[in-house]
Amino acid sequence: MLDRTHSRHDTDTNTGIVTFEAEAARRGALPDAPLAMPRQRLERDVTPALLARLRALLAPRLDA
Amino acid sequence: MSRTGPTRARAVALGASLALAAGAFTLFFAQRQTGGLWVEFARSLLILMATFWLAWGASQAMLGLWPGRAVAPRRAEPKGRCVILVPVHEEDPRATFARIAAMDEALSETPQAGLFDFAILSDTRSPHGAAREAAWYLALLRARDAEARIFYRRRTSNHGRKAGNIEDFIKTSGAAYEFALILDADSLMSPETIIEMARRMEGEPRLGLLQSLPGVIRAGSLFGRAMQFSAALHSPVFARGVARLQGETGPFWGHNAMVRVHAFAESCALPDLSGPPPFGGHVLSHDYVEAALLARAGWIVRLDEDLAGSFEEGPENILAHAKRDRRWCQGNLQHARLLTAPGLRRWSRFVFLQGILAYVSSLFWLGFLATSILAPALRAEPDYFPLAGWSFPVLPPNETTRTAGLIIGVLGLLILPKLLIAIQAIRSGRATGFGGAWRLMVSTLAEIAMSSVTAPIFLMFQTRSVLQVLSGRDGGWPASARGEGRLSLFESWQASRWISLIGLGGLIASWRLSPELVGWLLPIAGPMIAAPLVIWATSLPCRALFSVPSETCPDPILARQDEALDRWAPLTDADAAPPRQEPQHA
């Protein structure tokens with residue numbers, strides 16, 4: 001069935017028939033009201049914390 | 001709705017579960033056979049882990065059964081606009097859009113009609129599926145005269161799967177709405193429930209996410225109806241227990257939940273995890289993570305189990321269930337990466353751990369069964385005269401006694417909560433919706449019998465899923481198996497012959513190594529050997545058992561969905577979207 005109009009083009013230039021995918025995209029268009037979504041941090045990068053702890057541990061001894 | 005302090009509930013549930021697990025360990029280890037100390041220790045440890053998991057589940061039911069003080073949630077007349085999001089991925093558009101038509105029609109008859117829009121968010125990739133969606137969307141627009149109220153967009157990239165799909169919507173249109181009701185393609189909700197959720201969101205400005213408890217509807221097979229019955233009878237009690245445990249750090253199950261859009265936007269953009277799938281890449285079980293992130297940002301995440309009129313459809317056979325469970329298994333095990341995520345609440349971390357345990361516990365049980373069969377071969381010969389100068393033999397503890405004790409304990413933890421829930425339903429009058437007290441008890445016993453037979457089969461499917469994930473196999477993103485009901489015996493055999501072989505192998509090994517265990521192993525090995533038959537038989541239609549309130553006193557939204565489907569039934573895909581002549585412009 002869908003072969004009848006199953007085309008990825010917006011409009012058949014010869015017949016003027018609008019494919020329903022293009023029509024659905026046009027008539028279904030979402031409201032234009034963007035909202036920012038800042039990317040969250042989920043993985044803990046342990047290296048800087050570990051290095052800072054090591055430095056705190058070693059620094060007094062090295063100074064001595 | 002009842003609210004008790006979650007700290008006390010957590011302490012009680014954790015304390016009881018740990019005590020039972022420790023008790024099982026002590027009793028099992030104290031009755032150990034001579035020799036093979038490490039094997040006995042390992043078995044006892046496996047019993048400890050598995051008992052903890054069972055006791056934890058039972059304690060949630062007990063908490064749910066415990067009478068609590070009813071506290072009405074804060075409510076206010078909704079003013080903010082709400083979008084109802086329907087993410088779809090290779091779904092049947094006729095069935096999905098009939099649900100939308102039903103909900104839109106029902107909402108349009110309420111005074112709050114102007115507050116609600118729908119957005120169908122498609123991640124469908126197949127050209128044929130995309131074309132069908134577009135055609136049926138146009139049919140939906142015609143049927144509901146819904147332009148600029150029911151939106152449809154199909155993404156060009158599936159990045160982030162469902163979570164990425166919703167994120168894409170919020171980045172495009174999120175500022176237009178105060179609230180978003182997130183649904184699945186098979187979700188159906190009554191307008192009263194949707195509006196009540198908006199009232200509760202409006203009334204509590206700190207509420208970031210409100211989860212309803214979806215009931216399963218429209219099951220037709222024996223397996224599907226047993227699940228539907230269990231969801232209707234047991235889930236509200238378990239959910240009340242969960243709500244008491246979780247308090248304001250509640251769950252998100254990915255659908256049938258309302259979010260405050262700006263809270264969700266500021267907290268829930270998920271990053272890809274480093275490394276390849278299954279442990280890296282997109283966050284698969286994104287809902288748990290989003291709940292944890294909302295809680296991390298200080299928002300309340302709450303499960304209101306008293307909200308009726310929230311529905312979904314469930315898998316119709318064991319194979320469809322196992323397919324969905326494979327996806328959930330990978331998602332839950334991936335949460336191991338997030339146990340140390342910065343800033344999460346302790347309870348959120350525990351919830352991740354709980355999800356991991358839910359799947360890993362299958363390895364504990366299988367490990368226990370395997371070591372039990374092998375233990376006699378690893379043991380030293382018993383010493384009947386261990387004490388010098390003592391002329392009477394000292395007999396080693398009887399394995400049968402231990403096994404019987406174990407089985408009674410397991411059955412108690414699994415069955416007792418179900419029986420108590422049935423009794424409470426009869427006493428409270430809730431049994432009427434299940435066809436009355438007598439039918440409720442018959443259905444309860446049938447459900448217990450059926451879940452006992454299917455448990456070893458699920459144990460095997462789950463074990464396979466865990467091992468696949470641990471060995472690095474990514475399950476991908478298969479389309480959901482909806483409406484896949486009746487299976488042929490051949491299909492069942494093809495999908496489960498490996499379970500039969502393992503069951504048979506285990507029974508033969510037990511007969512050779514520890515014949516005294518054969519009788520005790522039969523309730524596990526028997527269903528495994530008969531897995532193809534069990535899978536086939538439980539996929540057959542069944543009407544005699546498992547009456548539920550959604551059948552005996554159905555919500556009107558179900559009838560509306562039927563009417564929408566009936567109206568569309570004679571239409572072919574071509575009728576849904578007849579070709580249209582575009583006006584010719586000069």
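The values are calculated or read from the model by the stated rules, or taken from the named source; none is laboratory data. Only a predicted model underlies this, so the values are computations on that prediction, with no experimental measurement involved. No Cβ is skipped: glycine too gets one built from the backbone with ideal geometry, and neighbour counts run over all protein chains shown. The protein model used for the area step is the full one, side chains on, heavy atoms only, and it has no ligands, DNA or RNA in it. Shrake-Rupley method; radii C 1.70, N 1.55, O 1.52, S 1.80 Å.
Accessible surface calculations at 1.4 Å, restricted to protein heavy atoms, place chain B at 41 Å² per residue. Computed from the C-beta positions of A:Ala29 and B:Leu411, the FRET efficiency with R₀ = 56 Å rounds to 0.45. For region B:30-159, treating each Cα as an identical point scatterer without solvent, what Debye log10 I(q)/I(0) comes out at q = 0.09, 0.13, 0.23 1/Å? Summing over Cα pairs of region B:30-159 leads to -0.57, -0.74, -1.27. The value given for region B:479-571 is a Kirkwood hydrodynamic radius of 16.9 Å, derived from the mean inverse Cα-Cα separation. Over all directions, what mean area does the Cα convex hull of chain B project, stated in square nanometres? Hull-based average projected area comes out at 31.0 nm². Working value for region B:82-320: equivalent-ellipsoid semi-axes of 24, 22, 21 Å, each the square root of 5 times a Cα gyration tensor eigenvalue, largest first. D for region B:406-457, whole µm²/s, Stokes-Einstein with Kirkwood Rh over alpha-carbon pairs at 4 °C and 1.567 mPa s: what number? D = 111 µm²/s. For region B:45-122, the alpha carbon positions stretch 56, 39, 18 Å along the principal axes, listed from largest to smallest.
Rounded to the nearest 0.05, what FRET efficiency do B:Leu540 and A:Leu50 have when you use their Cβ-Cβ distance and R0 = 56 Å? So the FRET efficiency works out to roughly 0.40. Placing unit charges on the Cβ atoms of the charged side chains and taking the dipole of chain B about its Cα centre, the candidate lying farthest along the positive direction among B:Ser547, B:Gln112, B:Leu344 is B:Leu344. On the beta carbon distance between B:Ser471 and B:Arg427, with R0 = 56 Å, the FRET formula returns roughly 0.70.
Between B:Val518 and B:Cys553, residue separation times 0.36 nm minus the direct Cα-Cα distance comes to 7.9 nm. Across region B:82-320, C-alpha contacts under 8 Å between residues 6 or more apart give a mean separation that, scaled by the residue count, equals a relative contact order of 25 percent. Modelled label positions at B:Arg74 and B:Gln354, each set 7 Å beyond Cα in the direction of Cβ, lie 2.5 nm from each other. Using just the Cα positions, wrap the protein assembly as shown in a convex hull and report its mean projected area in square nanometres, one decimal place. Computed as one quarter of the Cα hull surface, the answer is 39.3 nm². Does anything in region B:126-140 have its amide N under 18 Å from the 7 Å Cα→Cβ label point of B:Ser108, and if so which residues? Those under the cut-off are B:136-140. Of the solvent-accessible surface of the protein assembly as shown, computed with a 1.4 Å probe and all protein chains present, 63% belongs to carbon and sulfur. Just to be sure I understand the model, the point goes 7 Å from the Cα along the line to the Cβ. What's the resulting B:Ala437 to B:Asp145 distance in nm? The answer from the label model is 5.3 nm. Work out, in µm²/s and without decimals, the Stokes-Einstein translational diffusion coefficient of region B:281-379 at 10 °C, 1.306 mPa s, Rh from Kirkwood over C-alpha pairs. The Stokes-Einstein estimate is 97 µm²/s.
Summed over both chains, the area buried between A and B is near 4000 Å², taken from the accessible surface of protein heavy atoms with a 1.4 Å probe.
Take chain B and mark each of the chymotrypsin sites (Phe, Trp or Tyr not before Pro) that is in a DSSP loop with at most 15 other Cβ atoms within 10 Å; the longest unmarked stretch, sites excluded, is B:1-383.
Only one residue of B:Phe52, B:Ile100, B:Ala135 has its Cα farthest out toward the positive end of the dipole of region B:35-154, where Lys and Arg carry +1 and Asp and Glu -1 on Cβ, and that residue is B:Phe52. By DSSP, what percent of the beta bridges with both residues in chain B are antiparallel, rounded to the nearest 5? Bridges in chain B that DSSP calls antiparallel: roughly 35 percent. Convex hull of alpha carbon positions in region B:458-521: directionally averaged projected area 6.5 nm².
One equal scatterer on each Cα of region B:413-511, no solvent, Debye formula: the resulting log10 I(q)/I(0) at q = 0.12, 0.13, 0.18 Å⁻¹ is -0.68, -0.77, -1.04. Using only side-chain charges placed at the Cβ, +1 for Lys and Arg and -1 for Asp and Glu, the dipole size of chain B relative to its Cα centre rounds to 1240 debye.
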